[in-house]
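A short worksheet on the structure shown next.
The values are calculated or read from the model by the stated rules, or taken from the named source; none is laboratory data. Computed from a prediction, not measured in an experiment: that's the story for all the values here. Here the Cβ positions follow ideal geometry from the backbone for every residue, glycine too, while neighbour counts run over all protein chains shown.
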Amino acid sequence: MAIYALGDNVPKIHSDAFIHPDAIVIGDVTIGPNSTIWPMAVLRGDYGAIVIGDDTSIQDGTVIHASAGLGTVIGSRCVVGHLAHLEGCTVKDDSLIGSGSIVLHRAIIESNALVGANSVVTNDTIIPSYSMALGVPAKIIRDRVKKDSFTMIVSNYVENGKRYKVDLRRID
């Protein structure tokens, strides 16, 4: 695994988390239990802290960064889709960030919200609970997400992480 300290900042990764060998985790990064960090994801905590809660999936090719004095927090039971970019934002529990989405500085994705694939959530935007954010820039569609909408997806990624911890092996 490519896990790096940067000066005194050493990643704190729960022993029950799964970090794919081709992911990169640098510096001030905390990853909670049963969370999964998939291939080619980059979590770079060099200018600020990155915190990933419990049971959260950070999928292939995602980039998570923090700006000076502005950390990035992703709550528990979240799914961050392939090739997303999150920087200096907050994603609260039980939310989904679609593949290819961008969520920028000081944006807040409230619990049980969804950012659609390839959407851009600009600086200082708040996506309310149970809402969808779709488009470029993202437009809010209220009351479209039901509680527990992502439970099955979250559970699948937690189980897949456990499977990978046991069965993944390099053969070349």
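Data table
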| quantity | calculated |
| --- | --- |
| Residue check for residue 45: part of a strand (DSSP E or B), more than 11 Å from the chain's Cα centre (by Cα) and either of a type outside the set (S, T, N, Q) or modelled with pLDDT of 95 or more (or both) | yes |
| Considering residues of the stretch 1-46 that are of a type in the set (Phe, Trp, Tyr) and surrounded by 18 or more Cβ atoms within 10 Å (Cβ to Cβ) only, the residue nearest to residue 166 (Cα to Cα) | 18 |
| Test: residue in the stretch 12-19 that is within 20 Å of residue 94 (Cα to Cα) and touching a helix residue (DSSP H, G or I) at 6+ places or on another chain (Cβ under 6 Å) | yes |
| Qualifying position, being more than 25 Å from residue 40 (Cβ to Cβ), in contact (Cβ under 8 Å) with a residue 12 or more places away in the chain and out of contact with any strand residue (DSSP E or B) (no Cβ under 6 Å at 6 or more places or on another chain), among 118, 123 | 123 |
| The stretch 88-111 - residue that is buried (at least 21 other Cβ atoms within 10 Å of the Cβ) and free of Cβ contacts under 8 Å to residues at least 40 places away in the same chain and, of those, farthest from the chain's Cα centre (by Cα) | 107 |
| In the stretch 63-96, the residues that are more than 20 Å from residue 11 (Cβ to Cβ) and among the polar types (S, T, N, Q) | 95 |
| Test set (1) under 11 Å from the mean Cα position of the chain (by Cα); (2) of a type in the set (A, V, I, L, M); (3) surrounded by fewer than 24 Cβ atoms within 10 Å (Cβ to Cβ) - residue 70 fails condition number | (1) |
| Candidate set from the stretch 115-152 (those that are among the hydrophobic types (A, V, I, L, M, F, W, C) and exposed (fewer than 13 other Cβ atoms within 10 Å of the Cβ)); member that is farthest from residue 53 (Cα to Cα) | 136 |
